[in-house]
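The structure appears below as structure tokens.
Laboratory data are not the source of any read-out in this text; all were calculated from the coordinates shown. These numbers come from a predicted model, not from an experiment. As a convention, Cβ positions derive from the backbone with ideal geometry for all residues, glycine included, and neighbour counts pool all protein chains shown.
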């Protein structure tokens, strides 16, 4: 009897690429991500009701003071550590419920009502905070080194709406294939953006055709560097000699630029999505896009046999897996040591190399790509879209 | 553009005072606490039905044998480790369900029915146990070094009931502001006892006035050492030149002596409460007090807009936070490294220094304060109360 | 006042025998167990629907290809790590849902549809797998070093059915006293098999008589080594000078050979059970036996006051504890450092020594007992049964 080959016995302990995946403060990717602005809520999330937020492995409290300014503070009150989630929002800040210390949106301590004279030394206190800016219906925070704070960039596809178009924002992780919060590392999702070959398999023969029919065809794919990130061009030849050219982008650091896989009409990309790493093992996606009627963004959300992801039974999840199942199915953080990348995974390999390159730039003291210091130049032009070449 | 100051970026990793907070055997505070008696149940908790008990990070089984003696044993049977929770209580002890070993309340092994002659060597076996005493409707255990076992102290306010008064005991953590078991370190609660300034803020403007109106007024506060612990005196001037003088005590090691914040009547404190550290991250409170009708103690329990804590929605917890929310909101164990104590926190600082002092006494081989060896002297006189100075 | 003796104060930190209990790859017992075949499912568990399996601390995916061959693969696809649980089973294997790599039951990669020419280098890929064999209605896997793969043994009591008898298999952990998956280390169960003294206590006076009346009588017990494992003989004298002789076996490595405690009829053992360590802190039991009508095996399952284990209230579990309660009550992994074995525990001591002996054999480079290399000799003859000596 021949001896079995290739069994699982003696398989080495698996490992993952920590520098690529971990997002906490002080980790390589955590520090790279902290050089950019990240969406941490819808503009409407900042109200007089304090709201818990988690981003880049940090817990924060979001609110909007009576003058309309959004505030994002470390949740533990600088006095005795009680959560400001229980605070009361006032005209000029948020007041801790325990002893009434009042903080403005930049963490200045304005009042200490139990102290003589309202706290002679209250100006020495600073509640840890992060700057917030509002754009496209979203709130963006900068959680990095203050002296490196860049300009919040704008994106041409959102700055130049067409006739009858207006902007809409969404926080339900359109594009995740699942619920708003996805329990795996964000890179597993971001790599998927540069992996168009999975479309005809996962979304074609497995769960569908889940999208329109031309997406189920195996494309011819190329990838290249755009100066702002990666671009993938997918060519599918249609009947009558026409050519369907789909362009997808992954822009530094977390921007997914993916035209609708439903290809309602040809043209430049309608919406862009920021992948927010909540922590090492969960992420969510904020999307902003041009629409012609309210709620249009939500129609991009995947369905499986007519059902939303959260309506599926456990058996249906197994029978019609989508992006959620394959990415969460890779584990909380996938084990890169067990992978075998091939030619069709070139986009994944390029994405990792792109991040490695930026980590090296940072290590050498430089600024990573996509960090803008000149407001006049902070407009990102995108090329993604579904195009029909006649 | 000015560079942002005081952001959360680069905030050091937070730390807590382990020597103050941890309660397990072998830790500094764990050993200090083990030099005193602690309540581990109501007298009525010890019955013929074994009951699981957790105290000072130890799991135990409580029962009462057929002769009326309460027993508190290590739960793992000395034979094969099965839990005595499944044991049967008999006239002279508890019998393990697995092989029938019978233990008395002091852990002596009385029978080994599967052994020849009922176990010739059974007298070599001792199920680990703790001594238990009954007082004020409560069961107290001594979990410390046997040679240091002190006399169980008595308290004047419970020893000398007034006309028409009788004693009542309660195990529902009256004073926690929440449920019977509170998921944070016990010191966060005990410090709150020496922190009267939070009352007009948290219980005044935030959740109320939650108590009577005079409590919502900002008091003038002093603190001092009583020889048995700390005392806080809170003065509030009332209409007509009268003075409301409220005296609160924190007695070593865990006794909270807090007059009713509802101030039903003026006079000495009605009830006292022992904070039991269940483990490092949870505690409960046992209370004993003088009442004139059954169930009167329970009426001291906090309400929020007419509702009990467990009746509140998540939104109502946020809108009307109480002691539970502020203490649990500090985290499982608060991070002392992030605190900024001020003059109004003098009671908190004194409390910590009091424990540090006792830890030093123990380290030097001495007995901490409040450990009584002479039964004739083991009566603690208290001064707490709500007083009206005309 | 005398100083208390034997209190729980200062009890040393408990420890367990890691070499006896841990089952992961690379641990002593884990490697010993990996020298044998283990049941990982019913034959009917392998179908065109992928099924999650966990055995010896490893996660695997079970399926049956279109030609009828069962496959047991490492769940993470060798390509990008997505779980093959979401795969589609085909004529010749299972296809990953992400990029369509197709694996046969021995892990060969047959197709890579996104690669040029279906993957020129696909033959370099091997999905980690384990060999599976089918017998007695069960699937057995060999998870050890390939060059040591033994012959799957047969057992006389299953090979030689009597008149009117046929074989039945069960995966519901008959004999565990509880549900199919039991949350404690498997050795706690296996030791119980060599511990007949607990029967009259636990199953006699505590929960019963749970079995027939003669089982409630304290037996006279002997243990000895059989060359294949341990045998326990339990003698009970019946009325009329007859003698009830019950023989139980624990066969290397995990086989429990326990005649029905209901003693429906005297004779050789009807069924045998393989204890499968799922991981360090849970196990399940697969049983195969001779029956005369379908569903007969399930009737051996314990009842408590007429109820199945899962029908009991928490109070009823405490009042009528069974094997589940005593074994899970010992903890996830019992602390051997706190045990006190006595003469009636000889079977437990022998069992541990048996495993220690086999660990030493392995350490010295030898093959443990019960590993068969010659198919002609791989028949195990058993002696267990309920016998009536007139």
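Structure data summary
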read-out: Computed P(r) (all Cα pairs; chain C; 20 Å bins; percent); value: 25, 53, 19, 2, 0
read-out: Residue of C:107, C:119, C:144 that the Gaussian network model of chain C assigns the largest fluctuation, springs spanning Cα pairs under 10 Å; value: C:119
read-out: Position residue C:124, label points 7 Å along Cα→Cβ, spacing to each other copy in nm (shortest first, one decimal); value: 6.5, 6.5
read-out: Alpha carbon centroid spacing (whole Å) that separates the stretch C:358-390 from the stretch B:335-370; value: 65 Å
read-out: Near-label residues of the stretch B:352-390 by backbone N, under 19 Å of a point 7 Å along Cα→Cβ of residue B:292; value: B:385-388
read-out: Other copies of residue B:151: label-to-label distances in nm, shortest first, labels 7 Å along the beta-carbon direction; value: 8.1, 8.1
read-out: Cα Rg, Dmax, the stretch B:332-390, angstrom units; value: 16.8, 48
read-out: Projected label distance in nm at residue A:43 and residue B:165, using a 7 Å step from Cα toward the beta-carbon; value: 6.3 nm
read-out: Residues C:223, C:274, B:129, sorted so that the one with the fewest Cβ neighbours within 10 Å comes first; value: C:223, C:274, B:129
read-out: Kirkwood Rh, angstrom, the stretch A:132-278 [1 / mean 1/r, Cα pairs]; value: 17.1 Å
read-out: Ranked list, fewest to most other Cβ atoms within 10 Å of each Cβ, for B:382, C:139; value: B:382, C:139
read-out: 7 Å along Cα→Cβ, label-point gaps from residue C:364 to other copies, nm, shortest first; value: 6.3, 6.3
read-out: Distance from the stretch C:213-275 to the stretch B:234-248 (C-alpha centre basis), Å; value: 80 Å
read-out: Exercise: per-residue mean of other protein chain Cβ atoms within 10 Å, B:34-40; value: 0
read-out: Listed residues C:296, C:234, C:327, most fluctuating in chain C (Gaussian network, C-alpha, under 10 Å); value: C:296
read-out: Whole-angstrom gap from the stretch B:47-61 to the stretch C:6-72, using each part's C-alpha centre; value: 34 Å
read-out: 10 Å Cβ neighbours from other chains, averaged over peptide B:49-55; value: 1
read-out: Degrees, to the nearest 10: C:346-363 long Cα axis against longest axis of chain C; value: 30 degrees
read-out: Gyration tensor verdict on the protein assembly as shown (Cα atoms; rounded if a/c is under 1.5, prolate if a/b is larger than b/c, oblate otherwise); value: oblate
read-out: Average beta-carbon neighbours from other chains, 10 Å sphere, peptide C:127-137; value: 2
read-out: Length-normalised contact order of the stretch C:50-92 in % [C-alpha pairs under 8 Å, at least 6 apart]; value: 37 percent
read-out: Sites residue A:307 and residue C:18 - FRET efficiency at Förster radius 35 Å, r taken between beta-carbons, to 0.05; value: 0.15
read-out: Helical contribution to [θ] at 222 nm, DSSP H n ≥ 4, -39,500 (n - 2.57), averaged over chain B, rounded to 500; value: -3500 deg cm²/dmol
read-out: Footprinting exposure proxy for C:278, C:3, B:369 (fewest neighbouring C-beta atoms within 10 Å first); value: C:3, B:369, C:278
read-out: Cα gyration tensor shape of the stretch A:245-379, rounded if a/c is under 1.5, else prolate or oblate by comparing a/b with b/c; value: oblate
read-out: Average Cα contact separation per residue, chain B, under 8 Å, 6 or more apart, as relative contact order %; value: 20 percent
